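The values are calculated or read from the model by the stated rules, or taken from the named source; none is laboratory data. Note that the coordinates shown come from a computational prediction; the quantities given were computed from them, not determined experimentally. Here the Cβ is made from the backbone with ideal geometry for all residues, glycine too, and neighbour counts use every protein chain on show.
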Amino acid sequence: MLSSFHVSWRNITRHKKRFLFTLIAIVLGVTVMTSMLIAKSTFANIMDEQEQLIAGNADFRIQATDRFFSANDLADRLDMDMVEEGIATLTKQGFVDMDTKSPNQATVNFTGLSEFDNDMMQLPVKEGDVTKEGLIITENAAKLWNKQVGEKVSFQKVGSMEVTAIVYEGGIVNSPKTMEGANFRDFEVIVPLESLQESLGMNSLITEYRYKVKDGLDLQEVLTDYQNDLAASNLYVQPIVADTQQYNNIEGIYFVFDIIAILSIFISAFIAFNMINTSIVERHKEIAIMKSLGYTRRKVRGLIFKEIAYFAIIGTVLGLGIGAWLGMVVQDILISAIVTQNINYQVEFVPPLITSAIVGILYPFIAAALPLYHAGKTPILVAMAGENREISRLTKFKIGRVILGVLCTMLGLIDNVWAFLLLFIGLVLLFPLWMSLIQFILRPIFALLFGFLGKQADRSLNQFKNRNANTAAMLAVGVSLALFMSAALASLPEGMENDIRATFGGDILVEKETAWTDNERHVIEDMEGIDAVHSYAEIPNVTWYSLANELREFSLFSFDNDSMFERVETTEQISDNPSIYIGDRALAEMGAKVGDVFTFHTPAGETEFFIKGVVKTAHYSGYAGFVEEPTVREFVNWPLDYHVMIEVTDEKRIPVVLASLWASFGAGISNVDVMEVNIEQAKNGLTGTNDLFVGLLILVIGISAIGITNTLFMNTLERTKELGTMRALGFTKSQVRIMIIAEGLIIGVTGVIVGTLYGILVIYLNAVSAQAPAFLDFSVPWSSLLLAVAVGILFTLLASWIPSNSASRISIREAINNE
């Protein structure tokens, strides 16, 4: 006697092609989900590692409003009995001796370090010894300078130094990948503090002192005491925060990963549901005989449970393996598209694989829950008599489904970022109606193209209305999301360019190591091609507590006009506290609203600001604050401006202006930011992610096509006797094949048409949404639309050809005798 496991295996492999395509759908669903989770977890882990590298293992940093201060001042102002460990740094600009096309390609940012063997600054070592005093350079610098550990590098004024270590990019040191990139980014190196001070004649001067306090001390109390002590001086203290949100706005990418993962599992679950439900319906007599022989409901369900387990286990195991490989591919593409540096990272496998394994095992059982429940309730006498109440119950269109579908559709029109998911649920629920409408429209077209075979295909689809509608609905969901994502990614470059141009503040932003003087501003104004020059302050490392009571930091900008932001919402209320305008991303993280009073830790200590409004800005992607110039002087204790914004008469003059700036101010310039370069970098990053997401969504459409194959296999199997009769009446093999292909085309074309309509609707809803980015406009990406239609139709033809070929080979005698 066969074991129950053997019987279950025989049942699911009875129809080998149907088994194969169902298994492929489950494998692909788990594969896509696994790859998305791996890419998301790995990228999040990279961001956390970069935050930790930047923050190090220190608690606080002391800096000065005039950049440089004497380390000797700390003896009088810092209680060393509270300090467990501390390191001093001096940041200074310079030049490396090398042949370049322009001086700015040779700019170097020196970080003089008082102690190399410390636990407070982490450096990702590639070669050499980072605890040995000497020159530490990055992987990119070593490649572009053609240097190895042990070789010497010459710098202007600083002299020659031996390379003692090469580190990966990330943390406190980063360098450009190419010499072209060096036009707008400094090489960053670490050198001994005393050597740097002596070479530049800056004995005892430093720019920052980082320290860790002894265990057991209240950090907030320590911070408050130091802020009070330093409030009247040029020194200020801030906690060191592991927060890179102002440099990385990637929540949207995580959202897309989640959507694609959910969609792939959703479609796979529908395919599994259709297959398992059909299998149970086909075997209703067999189940009735089993029950008449003594099988209880529990035993019947247990047998089918084992069948589902085979699918779940095999599909999950294969999907995890392929998904791990695809996850690495997706991660590499994502890193190269978004991150501008070569960074060292490890792919995060374990949590995503565990999550995917749990979901992969469970979702086939969840999809089969309803058919499994009804399998145990199969009436013996009704089933033995040949009545199939299961089919009549499942194919009958219920008014409740329509009401629920209309309700979900109406809720999906609400202006909320997640509401459109309800729109797709409504799409699935209402799809039998959509299919009836599209069939009515397509009926004369298919009759013209295929003649009687087209009419017969149309009639045949109505035998399994819900199953075919569900299959087409999955394709429609894939097409609509592909269209929406393509529209969003297509409009982003132009939208981001407009956003940057509107809020960048000028054509060129220049930061200097020392404060800009009136004479220096006049020098810039007298340069050829200059339209206007404005100085402003940027106060870094201003800290505050988020909605989750986590310490965060951003930069405060001073302003005298609205050139660096666009007001979204303001209040007419007034307050005795100084006013501040908050970027939209920062305000969301704070959990505050316009009109609130919020506490920030500034160079003046704890300061309460009145949130006057929320703004959109290209600076740090909205993770910043803006205060008026008098407020910076009076309430923030920041008396000097280290930044200027420059407007040129013609963008073609920017290279000439940059050359003049380097010639006039040289090593005094610590950073140059060009609006055109920011626009180009934003566009390049979007191009890479666009190709990635379009490819992933095409894969999701492919999963939907597998559902069409499986559905047509089930349709033809249940119509075996009908097809045999048609063959006996004179239908040829090619006519049967064409009829099945026509059925598949009706399913596919219906899915594509409805998916396109819903995709355009979602594009419109997001364009008019108050929660969507301002640069998302309503525009239909015609190239992507044509691609989605072409891919959908092509996949449908391929999906239809296999079952049509099998149906044409059915033996007439066997088909007529089939029960």
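Among the residues of region 106-120, the one identified as in a strand (DSSP E or B) and aromatic (F, W, Y) is F110. Only residues that are of a type in the set (V, I, T) and not in a strand (DSSP E or B) were counted in region 597-639, giving 4. Criterion applied to L475, L492, L483 was being in contact with a helix residue (DSSP H, G or I) (Cβ under 6 Å, 6 or more places away or on another chain), farther than 30 Å from G707 by Cβ, assigned by TED's automatic domain parsing to the domain that holds F795 and buried (at least 21 other Cβ atoms within 10 Å of the Cβ), and the one residue passing it is L492.
A Cβ distance below 7 Å, combined with a sequence gap of six or more or placement on separate chains, defines the contacts here; from region 153-167, residues that are free of Cβ contacts under 8 Å to residues at least 24 places away in the same chain and assigned by TED's automatic domain parsing to the domain that holds I190 reach residues that are surrounded by fewer than 20 Cβ atoms within 10 Å (Cβ to Cβ) and part of a strand (DSSP E or B) in the pairs S160/K152; S160/S154.
For region 391-400, does any single residue satisfy the condition of being under 21 Å from L483 (Cβ atoms), exposed (fewer than 14 other Cβ atoms within 10 Å of the Cβ) and either at pLDDT 75 or above or under 31 Å from the mean Cα position of the chain (by Cα) (or both)? Looking for residues that are under 21 Å from L483 (Cβ atoms), exposed (fewer than 14 other Cβ atoms within 10 Å of the Cβ) and either at pLDDT 75 or above or under 31 Å from the mean Cα position of the chain (by Cα) (or both), one finds none in region 391-400, hence no. Here M98 clears all of (1) within 30 Å of S175 (Cβ to Cβ); (2) surrounded by 19 or more Cβ atoms within 10 Å (Cβ to Cβ); (3) in the same structural domain as L144 (by TED's automatic domain parsing) except the condition numbered (2). Considered as a group, the residues in region 136-186 that are part of a strand (DSSP E or B), among the hydrophobic types (A, V, I, L, M, F, W, C) and within 29 Å of the chain's Cα centre (by Cα) include one that is farthest from L661 (Cα to Cα), and that residue is V167. Would it be correct to say that A88 is on the phi < 0 side of the Ramachandran plot and free of Cβ contacts under 8 Å to residues at least 40 places away in the same chain? No; evaluated as a whole, the condition is false for this residue. Can you name the residue in region 51-80 that is free of Cβ contacts under 8 Å to residues at least 12 places away in the same chain and among the acidic types (D, E) and is also surrounded by the fewest Cβ atoms within 10 Å (Cβ to Cβ) among such residues? So, considering only residues that are free of Cβ contacts under 8 Å to residues at least 12 places away in the same chain and among the acidic types (D, E), the one surrounded by the fewest Cβ atoms within 10 Å (Cβ to Cβ) is D76.
Being crowded, with 18+ Cβ neighbours inside 10 Å, among the hydroxyl-bearing types (S, T, Y) and either at pLDDT 70 or above or in a helix (DSSP H, G or I) (or both): is that true of T378 here?
Considered against the rule, which asks whether it is crowded, with 18+ Cβ neighbours inside 10 Å, among the hydroxyl-bearing types (S, T, Y) and either at pLDDT 70 or above or in a helix (DSSP H, G or I) (or both), T378 comes out as no.
Look at (1) of a type outside the set (G, A, S); (2) in contact (Cβ under 8 Å) with a residue 40 or more places away in the chain; (3) out of contact with any Asp or Glu (no Cβ under 7 Å at 6 or more places or on another chain); (4) in a helix (DSSP H, G or I) and you find that L461 fails only one, number (3). Kindly evaluate G625 against the criterion of being among the small types (G, A, S), in contact with a helix residue (DSSP H, G or I) (Cβ under 8 Å, 6 or more places away or on another chain) and either in the same structural domain as D576 (by TED's automatic domain parsing) or closer than 22 Å to D562 by Cα (or both). So G625 passes the test.
The single residue among A548, A532 that is surrounded by fewer than 17 Cβ atoms within 10 Å (Cβ to Cβ) and under 14 Å from L587 (Cα atoms) turns out to be A548. Of the helices (runs of 4 or more DSSP H) contained entirely in region 644-744, those carrying at least 2 residues that are assigned by TED's automatic domain parsing to the domain that holds Y536 and farther than 15 Å from S804 by Cα fall at 654-665, 675-718.
Summed over region 609-622, the residues that are under 18 Å from M675 (Cα atoms) and of a type outside the set (G, A, S) give a count of 4. Considering S70, S8, S3, the condition of being at pLDDT 85 or above and of a type outside the set (A, V, I, L, M) is satisfied by S70 alone.
Taking the criterion of being part of a loop (DSSP other than H, G, I, E, B), crowded, with 18+ Cβ neighbours inside 10 Å and without any contact (Cβ under 8 Å) to a residue 60 or more places away in the chain, would at least one residue in region 567-584 satisfy it? Checked region 567-584: at least one residue is part of a loop (DSSP other than H, G, I, E, B), crowded, with 18+ Cβ neighbours inside 10 Å and without any contact (Cβ under 8 Å) to a residue 60 or more places away in the chain.
Tallying residues that are under 37 Å from the mean Cα position of the chain (by Cα) and within 24 Å of D507 (Cβ to Cβ) within region 628-642 yields 5.
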